[in-house]
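Written out below as structure tokens is the structure these notes cover.
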Amino acid sequence: MKTSLHLFRRTKELEQKIDSFFDKISEAAVIYRLAVRVYLKEGLNEDFQERLDRVNALESDADKLRREIEQQLYSNTLIPDSRGDVLGLIETADQLLSQFEGSLWAFTIEQPDIPEEFRDGYKKLTGMVVKAVDELGLGARAFFRSPHDVPAYNHKVMLYEKEADIISTNLKKAIFASDLELARKLHLREFVEQIDGVADMAEDVADRLAIYAIKRLV
């Protein structure tokens, strides 16, 4: 009889908390994309601020869930063989929320003046970054129920991260080929790299997830 790879046969509550945690990341990714689109179209306004507030709230909720998951794993002596990997995955994935939040705060504080000719590039980059995060979330959920499916999701994370790099590079080339002042070019480049950094972080988490999944399958 085939051994079940489902990690949480003994506790539905813990499984629900982990699902909720990754729900927060998925929701934050959607709101982040919408917030950047609002900024590109209308600049800093109430709609942007409302989305920033929602990402802030999601980050706080996810932090609370992370602490609850950690406490439950240790206090109930659950899944001792995989406990460290689960906590490592949760902690590294939580950094994505911080990245979303920090990026939106940077838009709020620095208010970059993005020329019309570059806005489509920023929009495409943000969309590609969010796709990478979405696939990472699916892979992370698979880790707990069907770890053999993780490589397929991780492969898509890598593909979207590479596409994000291509868009990022082309956008920076276009910025520096323009007639803008150097200081403004550097400012625009900084925000390209901030957005692209989310995809880079998703790839880093996927790399760790791949190792965790292999350990569960051997």
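The values are calculated or read from the model by the stated rules, or taken from the named source; none is laboratory data. As the structure is a computational prediction, the values presented were derived from the model and not from experiment. So basically every Cβ, Gly included, is an ideal-geometry build from the backbone, and we count neighbours across all protein chains shown.
Listed by first and then second residue, the pairs with beta-carbon distance under 8 Å, at least 6 apart or on different chains, first residue in the stretch 133-161 and more than 23 Å from SER98 (Cα to Cα) and at pLDDT below 90, second among the basic types (Lys, Arg) and in a helix (DSSP H, G or I), are PRO147/ARG216.
In the stretch 32-55, the residue that is nearest to ILE69 (Cα to Cα) out of those that are within 20 Å of the chain's Cα centre (by Cα) and in contact (Cβ under 8 Å) with a residue 60 or more places away in the chain is TYR32. Quick one: which of LYS124, LYS156 is under 19 Å from the mean Cα position of the chain (by Cα), more than 21 Å from VAL38 (Cβ to Cβ) and basic (Lys, Arg)? Going through LYS124, LYS156 in turn, the sole match is LYS156.
Just one of (1) loosely packed, with under 15 Cβ neighbours inside 10 Å; (2) in contact with a helix residue (DSSP H, G or I) (Cβ under 7 Å, 6 or more places away or on another chain) fails for GLU50. It is (2). Annotation: ARG119 fulfils all but one of (1) closer than 19 Å to LEU104 by Cβ; (2) of a type outside the set (S, T, N, Q); (3) out of contact with any Leu (no Cβ under 8 Å at 6 or more places or on another chain); (4) surrounded by fewer than 17 Cβ atoms within 10 Å (Cβ to Cβ); the unmet one is (3).
Of GLU117, GLU59, which residue is closer than 30 Å to ARG216 by Cβ and not aliphatic (A, V, I, L, M)? Outline the logic, then answer.
Details: GLU117 fails: closer than 30 Å to ARG216 by Cβ.
GLU59 is the lone residue from the list that is closer than 30 Å to ARG216 by Cβ and not aliphatic (A, V, I, L, M).
Look at the stretch 105-121: where a residue is under 13 Å from GLU42 (Cβ atoms) and a partner is among the aromatic types (Phe, Trp, Tyr) and at pLDDT 95 or above, sitting 6+ places away or on another chain with Cβ atoms under 9 Å, you get PHE107/TYR39; PHE107/PHE48; PHE107/PHE191; GLN111/TYR39; ILE114/TYR39; ILE114/TYR122; ILE114/PHE191. Summed over the stretch 50-86, residues that are among the β-branched types (Val, Ile, Thr) and modelled with pLDDT under 80 total 2. Which members of the stretch 101-160 meet the condition of being acidic (Asp, Glu) and closer than 14 Å to ALA199 by Cα? Across the stretch 101-160, the qualifying residues are ASP134, GLU135.
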